[in-house]
1. Tell me the net charge near A:V210. Cut-off is 11 Å between Cβ atoms, A:V210 excluded, with +1 for each Lys or Arg and -1 for each Asp or Glu.
2. With point charges of +1 on the Cβ of Lys and Arg and -1 on the Cβ of Asp and Glu, referenced to the Cα centre of the protein assembly as shown, which listed residue (A:G186, A:G226, A:F60) lies farthest in the positive direction of the dipole?
3. Roughly what angle does helix A:374-383 make with the longest principal axis of chain A, taking Cα atoms, 0 to 90 degrees, to the nearest 10?
4. With an 8 Å cut-off on Cα pairs and a minimum separation of 6 or more residues, tell me the relative contact order of chain B in percent.
5. Which links in A:K5/A:K228; A:K194/A:K237; B:K9/B:K51; A:K48/A:K237; A:K5/A:K242 stretch past 21 Å when you go from one Cα to the other?
6. What net charge is computed for the residues neighbouring A:N182, neighbours being all others with C-beta under 9 Å from the C-beta of A:N182, Lys and Arg scored +1, Asp and Glu -1?
7. Identify all lysines with a Cα-Cα distance to A:K187 below 20 Å; exclude those on the same chain that are fewer than 8 residues away in sequence.
8. Whole-Hz Karplus ³J(HN,Hα) for region A:249-257, in order, using 6.51 cos²θ - 1.76 cosθ + 1.60 and θ = phi - 60°, x for Gly and Pro?
Amino acid sequence: MPTEKPLTQNIPAGGEALSLQGYERLGGYQGLRRALQMTPKQVQEEVKTSGLRGRGGAGFPTGMKWSFTPMGADAPRPKYVVANADEMEPGTFKDRYLMEGNPHQLIEGLILAGFAIEADVAFIFIRGEYKLSQERLARAITEAYSVGYLGRNILSSDYALEMYLHVSAGRYMCGEETGLLNALEGKRANPRAKPPFPQVSGLWGKPTIVNNVETLSNVPHILEKGAKWFQGLSLTKDAGTKLYGASGKVKRPGLWELPMGTTIREILEEHAGGMRDGVRFRGVLPGGASTDFLVEEHLDVAMDYTSVEKAGSRLGTGTMIVLDDQTCPVGITANLTHFFAQESCGWCTPCWSGLKWATKILDAIEDGQGRPGDLDKLSYLSKFWSPGHTFCALAPGAAEPVQSALKFFRDDFERHIHEKRCSWRS
Amino acid sequence: MGTIYIDGKASGADPKQNLLHACLSLGLNLPYFCWHPAMGSVGACRQCAVKQFKDAQDTRAGS
């Protein structure tokens, strides 16, 4: 049996977006029709049973997130649903593919999330640089209004939802749930203290659900084909399919929708075609820049939330960055830390000050000016980036490549300091 | 009115205040940066962060 690829199998090969008619012909908006015959609580239950977990990086169970929203006549109004389309994790390009190729899939998923929590208003918060996605989503939203999937009395039901496309002014922080909400309110994208969680007090203090694009794109299929079917797509306990990507010096960098739990080896060797001739595999950031390096001994780890965590990293966005033996591990770590230091919003001191400090140490080591004790200083600094020391996950994410590089590539760091040069530079 | 002990000395403090506010009100010179009476407790700079113990018997550093 060919593997099912519900998220991507209907995306046209030529780079065009799937049209509304094409989407409907292939089962589009059937999930919505089915959901409108159910109660919002039943829709929440269906998604909870399916085992869908957030595809943005943290992997929180989607149905459970929805279930924290106050429901019924006494709930505060208006309630909001937000699609987090601020895809900015280095090495990650999966949401863009879904939005450019099948915008109606995301819109239907967002309507379904809205119905499940009785939301009144929906926003798609999209990265400023994603121009083509913006054009295609804007057109698709207009189409959805014109045929009665949005607005009042959706498909002749009592349910009403307004949908807006909001183009982000930029910065990595806007992808953090509460930073996103501040940005949407027109404020600086600093994180908020939690609790209260957005499900209870989010946008303008009202109940708000924020979900990633890939997460929402799964929802129409779950409602159309059922939770059992969704569970069956996976090879492991974490349900569904997953968009996996690979970048770096592999033969065929790209993006593939595969059963959840496909191994790193299969993705890199079969789908990405292995390493380019003349270079050897040294390590991989399995889910974007903010995940711990894994190395050769981890190649048979299944790419699902549980297994990658057990191996000492995180599934993150599922888009891998491959490190080869012709690339300096100190250089890549310095580069990534520069990104995080630059993108720090300036709110918490361990982040804005500590990351900047770490970039200075890493640059010095790479430039041959590292000193004995620098590695201890880096470990000391990275302790203050661990969860609980800062308001959001930016600093804990930044700590992951640093702490794991120190673990797996320590010899390279020490050689830089000892030889006072980077041996990858001529 | 609650009682707080600082360097072995007991002082009265309003339990509704946060610890930094209470200590500053007692005239103690504590380092702080992001706190301001008009802005409340921000908690972002981490300068006044403290370790919290469960009770008098708790000897592990609490989180």
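Taken together, the values in this text are just the output of simple stated rules run on the coordinates, not laboratory data. Since the structure is predicted, the reported quantities are computational estimates derived from the model, not experimental observations. FYI the Cβ positions are ideal-geometry reconstructions off the backbone, even for glycines, and counts take in every protein chain you see.
1. On the way: positive: A:K65; negative: A:D86, A:E176, A:E177.
Summing Lys and Arg as +1 and Asp and Glu as -1 gives -2.
2. Checking the options against the dipole of the protein assembly as shown, the answer is A:G186.
3. Orientation of helix A:374-383: about 20 degrees from the principal axis.
4. Working: 53 pairs, mean separation 10.7, N = 63.
Normalised by residue count, the contact order of chain B is 17 percent.
5. On the way: A:K5/A:K228 16 Å; A:K194/A:K237 29 Å; B:K9/B:K51 19 Å; A:K48/A:K237 14 Å; A:K5/A:K242 9 Å.
Distance filter (> 21 Å) returns A:K194/A:K237.
6. Details: positive: A:K187, A:R188, A:R192; negative: A:E185.
In short, +2.
7. A:K79, A:K206
8. Rounded to whole hertz, the list is 7, 9, 5, 10, x, x, 9, 9, 8.
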